[in-house]
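Q: Take this structure first; my questions come after.
The values are calculated or read from the model by the stated rules, or taken from the named source; none is laboratory data. Note that the structure is predicted; figures quoted are calculated from it, not measured. All Cβ positions, glycine included, derive from the backbone under ideal geometry; neighbour counts span all protein chains shown. These area figures cover heavy atoms from the full protein model, side chains too; ligands, DNA and RNA do not enter into them. Shrake-Rupley method; radii C 1.70, N 1.55, O 1.52, S 1.80 Å.
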Amino acid sequence: MPFSVLMLTPGQPSSNPRLVKEATALIARGYKVTVIYCHWVNWADKGDEELRQQYPQIQWIRVGGHPVEQKGIYWYTRIRHRVYRLCAALFPASLYLQQRAGIRCYGELKRTSAAHPVQLYIAHNLGALAPAALAAKRNHSLYAFDAEDYHRGQSSDGDEESKRAKIIEDRYIPGVVYLTAASPLIAANYKKHYPQVDPIVLNNVFSLEYLQPPPNPYQSGDRLKLFWFSQSAGTGRGLENVIEAMGKMRSRNVSLTILANCSADMKNYFASLAQGHHIQEEQLQFMEPVLLKDIFVIAGQHHVGLATEMGLNTNYNIALTNKIFSYPLSGLAILATDTPAQELFLKENSGIGRIYKRGDITGLVESIEWWLNNPAELNHCRENAHRLARESLNWEKEREIFLQTINAVLA
């Protein structure tokens, strides 16, 4: 009889590539896999449905309702969540309240997970950690935690969210059978808090199935195309600096594509900012979110991938985002801010990009113009990035670390 694994998340599968990669890796090795999740954003519904169709051997279970399909339970859980958050603010030391204030579908995740006995529960995102631990306790099983972020560092130190994360982590992380972390610095921070746990680095890399053809050489006189993507675009993400830098460049032969969920007000904000810096309309392009596989195709039509994290909190300083691992598969050079995690990454993977200081517009201009005026150097970075994607920065390599970990704990 195959081993059974249950993955749970307070978000949606199509917005959590790490969960999907792990789930599909397990079914390919013969494991029985269940995924329990909650509605988060409407734009992810299409992707969730495609995953259900593509991987029918995975049991996909959505709990907590839906704003269109299951309005009653959805709005009940939203109101309940609001009440728990108010109560948690009054009683900040209460584990009971903090667990329920963290996510909308806490009760539904906990009950449904507990009703599905498996050998191993894997929590993706902090909100799933308590339900996974409690389900494992009820069914005399094991539980693990995937720390894609450094959760107590996702907000200001000492604020309500940070304290909530610390309470939940302190209660449940010591009991995990393993902990995976999405960057070396996230792993190091959790090791510092929990010396008895040995975090395993599992980078946010993607499958070679998304590898694009070798990049076409950039030639002098071509428009230099910059690319940035995320689930959503907003202020404080470093895009303002890029737009300002484009306005200060001597050449207007450069463009920026923003692929993200971007409200009309936010598009107007960026467009007005661009206009204020005398950037031509065709230099700034917006694209709506697309399926994961399409991101790499679109990225491959550009030259430079932007990783503009501003390090506004501890997590942003030590995390490595999906984008920095996506760009090499598309043959893009990387232009990144000097967060400690990104500096370490580009030091360990030299020759694939450049670092600039956060907020240093002059340095950003110099980096862009360097590549604009030195096509050979840009092409060298792009070729190196594409080679590293083929050789090491891919899920096929990282997947073996994950599967070895699973095999070790379930053997």
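Q: In the range 315-334, which residues are among the aliphatic types (A, V, I, L, M) and either open to solvent by less than 10 Å² (accessible area, probe 1.4 Å) or assigned to a loop (DSSP other than H, G, I, E, B) (or both)? Walk me through it before giving the result.
A: Within the range 315-334, the subset among the aliphatic types (A, V, I, L, M) is 318-320, 324, 329, 332-334.
Scanning the range 315-334 gives ALA319, LEU320, ILE324, LEU329, LEU332, ALA333, ILE334.
Q: Next question. May I ask you to say which residue of SER232, SER162 is open to solvent by 50 Å² or more (accessible area, probe 1.4 Å), under 22 Å from the mean Cα position of the chain (by Cα) and not acidic (Asp, Glu)?
A: Working: SER162 fails: open to solvent by 50 Å² or more (accessible area, probe 1.4 Å).
Answer to the check: SER232.
Q: Test of understanding: among LEU312, LEU273, LEU306, which residue is of a type in the set (A, V, I, L, M, F, W, C) and assigned to a loop (DSSP other than H, G, I, E, B)? Outline the logic, then answer.
A: Details: LEU273 fails: assigned to a loop (DSSP other than H, G, I, E, B); LEU306 fails: assigned to a loop (DSSP other than H, G, I, E, B).
So the residue among LEU312, LEU273, LEU306 that is of a type in the set (A, V, I, L, M, F, W, C) and assigned to a loop (DSSP other than H, G, I, E, B) is LEU312.
Q: Within the range 42-80, track down each residue that is of a type in the set (Ser, Thr, Tyr) and open to solvent by less than 90 Å² (accessible area, probe 1.4 Å).
A: Filtering the range 42-80 down to residues of a type in the set (Ser, Thr, Tyr) leaves 55, 74, 76-77.
Result: TYR55, TYR74, THR77.
Q: Here is a follow-up. Going by what's in this entry, would ASP265 be described as open to solvent by 50 Å² or more (accessible area, probe 1.4 Å), acidic (Asp, Glu) and assigned to a loop (DSSP other than H, G, I, E, B)?
A: Details: open to solvent by 50 Å² or more (accessible area, probe 1.4 Å): yes; acidic (Asp, Glu): yes; assigned to a loop (DSSP other than H, G, I, E, B): no.
No; evaluated as a whole, the condition is false for this residue.
Q: Could you check, for the range 142-151, whether at least one of its residues is crowded, with 16+ Cβ neighbours inside 10 Å and assigned to a helix (DSSP H, G or I)? Break it down stepwise before answering.
A: If we filter the range 142-151 for residues that are crowded, with 16+ Cβ neighbours inside 10 Å, which is where we start, we get 142-151.
With assigned to a helix (DSSP H, G or I) added as a condition, the list becomes 151.
Yes.
Q: Need the failing condition index for GLN57 against (1) within 25 Å of SER263 (Cα to Cα); (2) under 26 Å from the mean Cα position of the chain (by Cα); (3) part of a loop (DSSP other than H, G, I, E, B), just the number.
A: Result: GLN57 passes all but (1).
Q: Go through the range 71-130 and give me each residue that's in contact with a strand residue (DSSP E or B) (Cβ under 6 Å, 6 or more places away or on another chain), farther than 24 Å from TYR178 by Cα and in a helix (DSSP H, G or I). Give the derivation first.
A: If we filter the range 71-130 for residues that are in contact with a strand residue (DSSP E or B) (Cβ under 6 Å, 6 or more places away or on another chain), which is where we start, we get 74, 105, 108-109, 112-113, 116, 118-124, 128-129.
Add one more test, that the residue is farther than 24 Å from TYR178 by Cα, and what stays is 74, 105, 108.
TYR74, GLU108, listed by residue number.
Q: Do you know which of the residues in the range 165-205 that are assigned to a loop (DSSP other than H, G, I, E, B) and touching a Lys or Arg at 6+ places or on another chain (Cβ under 8 Å) is most open to solvent (accessible area, probe 1.4 Å)?
A: Filtering the range 165-205 for residues that are assigned to a loop (DSSP other than H, G, I, E, B) and touching a Lys or Arg at 6+ places or on another chain (Cβ under 8 Å), the one most open to solvent (accessible area, probe 1.4 Å) comes out as ASP198.
Q: Across the range 211-235, what is the number of residues that are more than 30 Å from TRP395 (Cβ to Cβ) and of a type outside the set (Lys, Arg)?
A: Filtering the range 211-235 for residues more than 30 Å from TRP395 (Cβ to Cβ) gives 219-223, 235.
Narrowing the set further to residues that are of a type outside the set (Lys, Arg) leaves 219-222, 235.
Residues flagged as more than 30 Å from TRP395 (Cβ to Cβ) and of a type outside the set (Lys, Arg) within the range 211-235 amount to 5.
Q: Related question: Any idea which of (1) open to solvent by 30 Å² or more (accessible area, probe 1.4 Å); (2) touching a residue at least 24 places away in the same chain (Cβ under 8 Å); (3) within 17 Å of the chain's Cα centre (by Cα); (4) within 24 Å of LYS397 (Cβ to Cβ) is the one LEU312 doesn't satisfy?
A: All conditions are met except number (4).
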